[in-house]
Amino acid sequence: LALENELHGALDRGEMVVFYQPLIDLDSGKLTALEALVRWQHPTRGLVSPAKFIPIAEANGMIINLGEWVLQTACAQNRAWQLAGFPPIRISVNLSARQFEQPDLVQVVERILQETELEPSYLELEVTESFLMNDIDNSVKILKELRNIGLWVALDDFGTGYSSLNYLKRFPLDMLKIDRSFVNDVTSNSDSAAVTDAIIALAKSLRLNITAEGVETKEQLDYLQNRGCNEGQGFYFCRPVPADTISNMLEKDA
Ligand code: G
Ligand code: G
Ligand code: MN
Ligand code: NA
């Protein structure tokens, strides 16, 4: 409850920051995208994880403003990197269930793209099976509208939800992100390896791009590379870091 009280006004007090975590193309080894991950720079508690405050913000509705702010910040930052002359990359932003239910979601996204002058093809939105399954027909409609803008849609945490493959086929998607719980023991647990292989094969047959999350070791990377996974993300490459750190990395790359 204390945390919830303090969360009120945290955005206005400028306590929210967006960190960015690189996604690496496994063929070229190049940085191809960044996932925007919000953190709360609390005056006394330090950096608070979104795992702690996103569920609170979801429950009390604050996620609507917060999510819009993250989207705005990430798009503006990506545009700023482009204007600074860095090679253009995608920025990926997580959507929450509450945001997905907002009737004006598509207009909000379009407005932010216009305001920040970011080309839609440099934005990716991450959705999860659990909230797509709430109202399948409506989800299909919204995903179509989002993709019509020209942005990319990724299914996050794949493998942890309940969606039947029959529904997966109906959702208009561009990428699957294999949940890090499978990647975590892909080299030590044959069941996780089997699930990972099956997800990669599924993505390929549905012509979806496939990203592995939570890559922490060279062995995991080798495994995923051998299986034809397209992109990797995880502590092995880089932790989520502030925008300044990314600027330095891009400068070295350019
Ligand atoms: O960055 P970290 O691994 O601590 O994030 C924990 C959880 O919070 C993850 O599930 C992540 O998707 C979620 N999260 C981080 N930033 C955002 C955000 O801007 N919006 C939403 N909806 N979830 C986020
Ligand atoms: O739910 P989502 O996939 O959006 O979660 C992203 C979260 O995963 C971020 O909070 C990020 O800090 C975390 N994360 C990213 N890479 C790794 C990793 O290699 N290992 C672990 N344990 N967590 C990771
Ligand atoms: Mn995500
Ligand atoms: Na995930």
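Here, each number is a calculation from the coordinates, and none is a lab measurement. Since this is a predicted model, take the numbers as computed values, not measurements. Backbone-built Cβ (ideal geometry, glycine too); neighbour counts: all protein chains shown.
Annotations for the structure displayed:
- Taking the number of Cβ atoms within 10 Å of each Cβ as an exposure proxy, the fewest-first ranking of THR32, THR73 is THR32, THR73.
- Lysine pairs with alpha-carbon atoms under 22 Å apart, the range 2-253, spacing 8 or more or separate chains: 13
- Dipole-positive endmost among PHE237, LEU208, LEU71 within the chain (Cβ charges, Cα centre): LEU208
- Scaling against 2.2 N^0.38 Å puts the C-alpha radius of gyration of the chain at 0.99.
- Taking the helices alone, the chain has a mean residue ellipticity at 222 nm of -14000 deg cm²/dmol, built from -39,500 (n - 2.57) per DSSP H run of at least 4 residues and averaged over all its residues.
- Over the chain, relative contact order from alpha-carbon pairs under 8 Å, at least 6 apart, %: 19 percent
- Spatially, the range 69-102 and the range 114-152 are offset by 13 Å when compared through their Cα centroids.
- Cα-based equivalent ellipsoid of the range 87-209: semi-axis lengths in Å, sorted from largest, via gyration tensor: 27, 17, 12
- Reported to the nearest whole Å, the Cα centre-to-centre distance from the range 175-207 to the range 1-40 is 25.
- Ranked VAL183, VAL140, criterion: other C-beta atoms within 10 Å, fewest first: VAL140, VAL183
- Share of alpha-carbon pairs per 5 Å distance bin for the range 1-94, given as whole %: 3, 12, 22, 21, 15, 12, 8, 5, 2, 0
- Residues of the chain were split at every exposed loop site, defined as GluC sites (Glu not before Pro) in a DSSP loop with at most 15 other C-beta atoms within 10 angstrom, and the longest piece left, sites excluded, is 1-116.
- Remark: the GLN102-TYR162 segment gains 19.3 nm on full extension, using 0.36 nm per residue and subtracting the alpha carbon distance.
- Those chymotrypsin sites (Phe, Trp or Tyr not before Pro) in the range 110-176 that DSSP places in a loop and that have at most 11 other beta carbons within 10 Å: TYR162
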